[in-house]
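The values are calculated or read from the model by the stated rules, or taken from the named source; none is laboratory data. This one's a predicted model, so the numbers in the text were calculated from it and none came from an experiment. Here Cβ is always computed from backbone atoms with ideal geometry, including for glycine, and neighbour counts include all displayed protein chains. SASA here: full protein model, heavy atoms, side chains in, ligands and nucleic acids out. Shrake-Rupley method; radii C 1.70, N 1.55, O 1.52, S 1.80 Å.
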Amino acid sequence: MRPKATILCFSIISVLLFNCRTKTEKIEPAKTHTSVTEKKPNILIIYVDQLRRYSAGFWSEKKYKDHVQGRPDPVITPHIDKLAKNGAVFTNAVSNYPLCSPARGMLLSGMYPEQNGIWNNCRKDRDDSLRDDIPTMTDLFYQAGYNTAYFGKTHWHKNDPLFDENSTYIGTTAAPGGHYMNTYDTYIPPGKSRHSIEYWYQSIRDLHYDPLVYSNDSSAILGKKDGELHKPKIFSPKNEARLIQSYLQNENAMRDTLKPFFIMWSINPPHNPWSNSNTDMESLKKNYDVDKFPQIDSLLVRENADFKVGNYARHYFANVTSVDNYIGEVLYHLEEIDELDNTIVILSADHGEMLGSHSRKGKNTFETESLTVPLIIHWPKKLKDGQINDVLFSVTDILPTTMAMAGLKDQIPDSVEGKDFSKLVLNTSVSTIKKPEGVLLLLGNSRGILSERYTLCLKQNKKPWDTKEGRELETAYLYDNTEDPYQLTKIELDQLPEVSNALLTILGKELKRTNDPWYQKRLFSNIIVYPN
C-alpha cells in the first residue's frame, strides 16, 4: 500500500472509533500531574515602638480582663480591639530584651543577641549592628517568592560617618563624607544590610512630625534618589499608612501583583519625647483632655504609678489612639482590595513603657510595664477568632511561627533559636505543643527568667550600657506576679528556695542554649545552675 493511502485509511478508522465511543461513554478530560496550589498568604507585621501590652481597650472587656496583671490602661483603640477579637491574643508575650535595637535584631533573625550581633541600641559610638551574613525574616520570605517591603523605623545598623553635611549618603568617611546623619538610628544603603527588602521607605529619629526619610521609591520622596534625605513634615504613621496603601494598590508598579507580599511596618509613636509638638493633639483633645480625665491619676490606674513621673500619660495615650487610627486605615484598605482574609497580620512591639510605674520612664528594666508587649495574630482565612493563648511567647518565636503558618516550615534555618507555635495559633494538635516553663530575659547588665508566675532577676554591678565587665552580682531577687501584680515587693532568693532553684536551673539551660556570654564565662556559677 502506498504511504498516502495508509495515512488516509488510518485517519478514517480513527474517526469511526471516536464517533462510536461518544455514543456509549462520556469522555473525561485528560488527567495531568499539575494541581492548583493554594495562594500563599500575605504577611503584614505591625511593630509599634514602645507600646506596652495593656495599652489597648479590649483588655478592659470581660473576656480579657481576667488575663491582665493588675489593671489595663483606659485607652481607646477600636482597630486593635477588632484585630484582637477577630484573631488570637497572646497574654504572655514578652520582649526578652526590652530595648529598641536588640528587640528588632531578635525579631528579624529569630536569634538571640550573641548570634545576631546586637547587644545594645545602635549608636554612633558603638559597634552593634545586625549581621549581614545571617538570614532574616525578610530574606527568607523573599527567597520563598514574596514581594518584600519595609516602612518606618529600622535601628538595626551600625552608625558610621558616611554622609555629607546635608545628610546625603556618600559611602565613605573621605570628604565630602565624614559626617553622621543622626545619633542613633541611621540610613541603611542598598546591599546586604537591607536583607532582601525590595521596597524601602525608612523613617529615622523620634520627632514624629519631622522624621528623616530615605527611600528607593523616588515618587515617595519628591523625585530624590535613594540616599538623599527627604523631610516630609507629616505625622509619620499618617504618612506611612498612605504609602502602604499606595504600595498595596501598586500605583507606581512597585511590586509584582502575582506574588504575595511581605510588609513590615515599624511605627515610631508612641515613643518619647512626649510633648505637644510631638503628639497628635487632635487625638489628645478629643480623647484625653481634662474634661474627660481631670486628674492624671485617672489615667495612671496602675497602683505602682508615680503621678509626677508619669505626667505625660495624656500625650502617650493620645499617640497610641492616633496610631490605632492609621492602623485601621491600612486594615480597611486591605479589606477593600479583598486581601485581608488572606493576610496574616501580626501586631506587636519592641518593648513596653514604664509610664511612671516604679517612678520610671521608658524601658530597659525587668518590670512588667517594660517587659510585656502586645501580640495579636489575625488571619480570617485560617485562624479561629477569639482565641486567648497563655503560652510564654518570646520575640524570637515570631519568625518561625510566621513562616510555619505561611507553609514555609521546611525553610526555617537551623540557626533560628525561636520556637514554632503555629499549631497552637491554628488551634490544631494543641495537646502536642510543649510550652516553655520560662523564657530568657536580657539586659546589658542583667539576666533573668519570666515564668507564668514569677520574674527572676540577676543584676551585675554596672549600668546596662557600660562596656566594662561587671564581675560582681549587685542584686538577685524574685517578683511573685500573681500575689503581687504591681511588683511592689522584691523577694530574696532564699525566701523561696525551691522556686529560686527551679528558675535558676531554667536560666542556666537558656544561657547555654543561646550561647550567652554569661554561660561562656560561667558567671555567677555559685548561684546559676549551669548544665554540665
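Conditions (1) free of Cβ contacts under 8 Å to residues at least 24 places away in the same chain; (2) among the small types (G, A, S); (3) assigned to a helix (DSSP H, G or I), marked per residue:
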residue: E483; (1), (2), (3): yes, no, no
residue: L488; (1), (2), (3): no, no, no
residue: D494; (1), (2), (3): yes, no, yes
residue: E498; (1), (2), (3): yes, no, yes
residue: N501; (1), (2), (3): no, no, yes
residue: I506; (1), (2), (3): no, no, yes
residue: E510; (1), (2), (3): no, no, yes
residue: N515; (1), (2), (3): no, no, no
residue: W518; (1), (2), (3): no, no, yes
Exercise. What single numbered condition from (1) closer than 26 Å to D66 by Cβ; (2) in a helix (DSSP H, G or I) fails to hold for P400?
Worked result: (1)
For this session: Take the range 431-469 and flag every residue that is open to solvent by 60 Å² or more (accessible area, probe 1.4 Å) and within 22 Å of G407 (Cα to Cα).
Result: S431, T432, K434, K435
Problem set entry | Subset of the range 163-187 (residues that are closer than 19 Å to K225 by Cα and of a type in the set (D, E)) | D164, E165
Problem set entry | Hey, L108 touching a His at 6+ places or on another chain (Cβ under 8 Å), of a type outside the set (S, T, Y) and in a helix (DSSP H, G or I) or not | yes
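Quick one: in the range 190-216, which of the residues that are open to solvent by less than 20 Å² (accessible area, probe 1.4 Å) and in a loop (DSSP other than H, G, I, E, B) is farthest from H315 (Cα to Cα)? Don't jump to the end; show me each part of the working.
Residues of the range 190-216 open to solvent by less than 20 Å² (accessible area, probe 1.4 Å): 193-195, 197, 199-204, 208, 211-215.
Narrowing the set further to residues that are in a loop (DSSP other than H, G, I, E, B) leaves 195, 197, 208, 211.
On the way: H195: 35, I197: 33, H208: 12, P211: 18 Å.
Going through the qualifying residues, I end up with H195.
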Problem set entry | Count - residues of the range 152-166 that are under 28 Å from the mean Cα position of the chain (by Cα) and farther than 19 Å from D132 by Cα | 1
Seminar exercise, completed: Of the residues in the range 49-66 that are under 19 Å from S357 (Cβ atoms) and not basic (K, R), the one that is surrounded by the fewest Cβ atoms within 10 Å (Cβ to Cβ) is S60
Exercise. Restricting the range 136-182 to residues that are crowded, with 16+ Cβ neighbours inside 10 Å and small (G, A, S), which is farthest from L399 (Cα to Cα)?
Worked result: G177
Exercise. Within the set of pairs 6+ apart or on separate chains, which have a first residue in the range 235-258 that is closer than 20 Å to D206 by Cα and in contact (Cβ under 8 Å) with a residue 60 or more places away in the chain, a second that is open to solvent by 40 Å² or more (accessible area, probe 1.4 Å) and basic (K, R), and C-beta atoms under 8 Å apart?
Worked result: none
Exercise. What number of residues in the range 299-342 are within 30 Å of S359 (Cβ to Cβ), open to solvent by 10 Å² or more (accessible area, probe 1.4 Å) and in a helix (DSSP H, G or I)?
Worked result: 3
Exercise. Looking only at residues in the range 254-296 that are of a type in the set (D, E) and under 26 Å from the mean Cα position of the chain (by Cα), which one is surrounded by the most Cβ atoms within 10 Å (Cβ to Cβ)?
Worked result: D280
For this session: Scan the range 347-363 residue by residue and report those that are closer than 21 Å to G152 by Cβ and surrounded by fewer than 23 Cβ atoms within 10 Å (Cβ to Cβ).
Result: G362
Seminar exercise, completed: Checked the range 410-425 for anything more than 19 Å from the chain's Cα centre (by Cα) and over 20 Å from E114 (Cβ atoms); matches are D410, Q411, K423
Exercise. Pairs, please: C-beta under 7 Å, at least 6 apart or cross-chain, first residue in contact (Cβ under 8 Å) with a residue 60 or more places away in the chain and over 22 Å from L99 (Cβ atoms) and in the range 269-287, second of a type in the set (A, V, I, L, M) and open to solvent by 20 Å² or more (accessible area, probe 1.4 Å)?
Worked result: N287/I76
